[in-house]
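Right, one structure below, let's go through it.
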Amino acid sequence: MNIKDILSIGKKKNDYSNTEFRKVSGDASRTVKTIRHGSGRNSITLAPMRSLSLETFTFPFSNTTKIREALRLQVMPFAAAGELEIFPVVTSKAGRGASGLVWYVSPDELEIPSPVYDSGKPGKIWPSPLPFISQLSEYDGNGATIWLDEENICSILWQKNKPVLYRWKRLSGDDPAGREAAWYDAYCAARGLERGGNFAVNASGDEEADDDFAEIVTDSVNICPWISEVNLSRSALEGARDLERTVSYLTRASCWLLVIGVVALSSGLVRWYHLQEQVNAARSRSENYYRRTFDPERTGRVSNPVMLARDRIASLTGTGDEGHPIDEVLADLGDIFRQGQNLDVAIDIIRYNSEGIDCTGVAPDMTTVLNFRRAWETKAQLAQVDNTQFVSGIGYRFDLRVRW
């Protein structure tokens with residue numbers, strides 16, 4: 001593969017050699033004529049628009065809908081002079097911001113027929129002098145591209161490959177291209193702009209353009225890729241409005257769903273707090289019943305008053321000497337203290353029944369409490385520490401439940 005083939009592959013994305021080019025002739029009839037046939041399935045119509053104007057913009061956001069709304073607000077004071085349609089084109093992005101240019105045109109000039117292909121995608125409409133910037137490359141992208149047909153002469157002034165002015169006139173007199181160039185000479189001198197050069201396209205007559213026409217357009221789009229995004233057509237405008245309408249509907253629907261979600265979450269939180277209050281109230285009543293019935297002097301929380309009450313009832317009914325006798329319990333307790341010689345635990349109360357024992361004691365730290373519980377785990381099926389409290393000057397007071 002040679003260098004030429006490699007370059008052709010690189011340009012394939014912006015290759016307009018198979019594109020059908022058409023022009024708009026006439027002022028009132030807006031007749032469309034083909035100036036170059038193409039074998040592809042797309043077309044571009046070059047239209048000399050009378051009311052077209054352009055302006056650059058820079059915004060701290062890049063969302064197309066927001067850009068369109070901001071531009072609409074900017075031209076609102078001039079809406080009294082007539083309706084304007086807005087066609088923004090983003091040329092560069094920096095961070096969250098975007099820069100570009102916007103085309104303003106009267107809606108009356110958008111009634112241009114455009115072929116629709118099998119894919120359902122209509123052709124594009126470009127301002128007539130737009131796709132010829134490549135011919136100003138030797139002037140660093142400065143100068144004027146001029147379009148002439150049977151009835152119109154229009155032009156675009158470029159500065160560093162960026163359009164800064166569009167101008168339209170009815171074709172009249174001798175040497176219209178020369179007079180248009182002279183006007184730009186005076187304009188650039190008065191504004192201090194780079195004059196650059198000129199490139200004129202004479203599209204009058206019915207002759208088909210040669211292959212250089214498509215090559216010029218391809219080179220122009222490769223220099224200014226944003227040109228491919230330009231489409232001053234009714235279908236593009238309606239598509240943008242449909243998108244804005246869809247985004248607006250989805251935004252409103254999202255807001256309503258958010259409100260419904262907040263209401264549902266608030267309702268769930270209220271119910272959860274209500275259930276928590278009921279659970280806490282039931283737990284407090286159970287603890288109070290246990291204290292009043294079995295242990296009035298007990299302080300702190302009672303982790304499982306129902307099980308403790310059942311154990312106390314079993315011990316009061318005289319079944320404490322069945323299953324695991326008291327002498328075996330005391331032997332196990334002595335064995336625990338004998339094996340753990342450094343086990344600094346003081347037992348204040350031991351409650352015994354057939355299912356196990358409940359101990360209330362004091363230890364200097366939590367490590368000692370946990371070691372005491374682990375020692376009982378080797379001798380019983382369940383050893384659980386409850387209601388651990390730190391008492392200043394004494395240490396950790398704890399309750400130990402042992403079940404066989």
Give, in nm to one decimal, the length gained when the segment between Glu55 and Trp404 is fully stretched (0.36 nm per residue of separation minus the Cα-Cα distance).
116.7 nm
Quick one: Karplus J couplings for the stretch 264-281, per residue in order, coefficients 6.51, -1.76, 1.60, θ = phi - 60°, nearest Hz, x for Gly and Pro?
5, 5, 4, 4, x, 5, 4, 5, 5, 4, 5, 5, 4, 5, 5, 4, 5, 5
Can you tally the net charge around Pro60? Count Lys and Arg as +1, Asp and Glu as -1, for every other residue whose Cβ sits under 12 Å from the Cβ of Pro60.
+3
Based on alpha-carbon centroids, what's the gap between the stretch 339-364 and the stretch 126-163 in Å, whole number please?
99 Å
Provide the FRET efficiency to the nearest 0.05 for the Gln74-Lys33 pair, computing r from the beta carbons and using R0 = 30 Å.
0.25
Classify the stretch 272-403 as rounded, prolate or oblate from the Cα gyration tensor: take a ≥ b ≥ c as the square roots of its eigenvalues, call it rounded if a/c is under 1.5, otherwise prolate when a/b beats b/c and oblate if not.
oblate
Accessible-area order (highest first, 1.4 angstrom probe) of the listed residues Ile35, Ile313:
Ile313, Ile35
Please compute the contact order of the chain in relative form: average sequence separation of alpha-carbon pairs under 8 Å and at least six residues apart, divided by the residue count, as a percent.
11 percent
Give me the distance between the Cα centres of the stretch 177-210 and the stretch 90-114, rounded to whole Å.
23 Å
Given only helices, namely DSSP H runs of n ≥ 4 each adding -39500 (n - 2.57), what is the per-residue ellipticity at 222 nm of the chain, to the nearest 500 deg cm²/dmol?
-12500 deg cm²/dmol
Just grab the label-to-label distance for Asp327 and Ser235, each label 7 Å out from Cα along the Cβ direction, in nm (one decimal).
10.5 nm
What's the longest bit of the chain with no exposed GluC sites (Glu not before Pro), using DSSP loop states and at most 12 other Cβ atoms within 10 Å as the test?
112-206
Solvent-accessible area of Ser62 with every protein chain in place, 1.4 Å probe, in Å² to the nearest 10
40 Å²
Between their Cα atoms, which of Lys124/Lys169; Lys66/Lys169; Lys33/Lys162 are more than 26 Å away from each other?
Lys66/Lys169; Lys33/Lys162
What does the charge add up to near Ala181, with Lys and Arg as +1, Asp and Glu as -1, over the other residues with Cβ less than 11 Å from its Cβ?
-1
Need one number: % antiparallel among DSSP beta bridges in the chain, to the nearest 5.
80 percent
Net charge, Gly197 excluded, C-beta distance under 14 Å - Lys, Arg +1, Asp, Glu -1
-3
In nanometres, what is the gap between the two model label sites at Ser266 and Ala281, each 7 Å from Cα along Cα-to-Cβ?
2.4 nm
With every protein chain kept in the model, how would you rank Val385, Val263, Val102 by accessible area, 1.4 Å probe, largest at the top?
Val263, Val385, Val102
Full extension between Thr64 and His274 adds, at 0.36 nm per residue less the Cα distance, a length in nm of 70.8 nm
Compare the Cα positions of Leu250, Gly95, Val217 along the charge dipole of the chain (+1 at Cβ of Lys, Arg; -1 at Cβ of Asp, Glu; about the Cα centre) and return the one farthest towards the positive end.
Leu250
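The values are calculated or read from the model by the stated rules, or taken from the named source; none is laboratory data. Everything numeric here is computed off the predicted structure, so don't read it as measured data. For neighbour counting, all protein chains shown are included, and Cβ atoms are generated from backbone atoms with ideal geometry for every residue, glycine included. Surface accessibility is based on the protein's heavy atoms, side chains included, excluding ligands, DNA and RNA. Shrake-Rupley method; radii C 1.70, N 1.55, O 1.52, S 1.80 Å.
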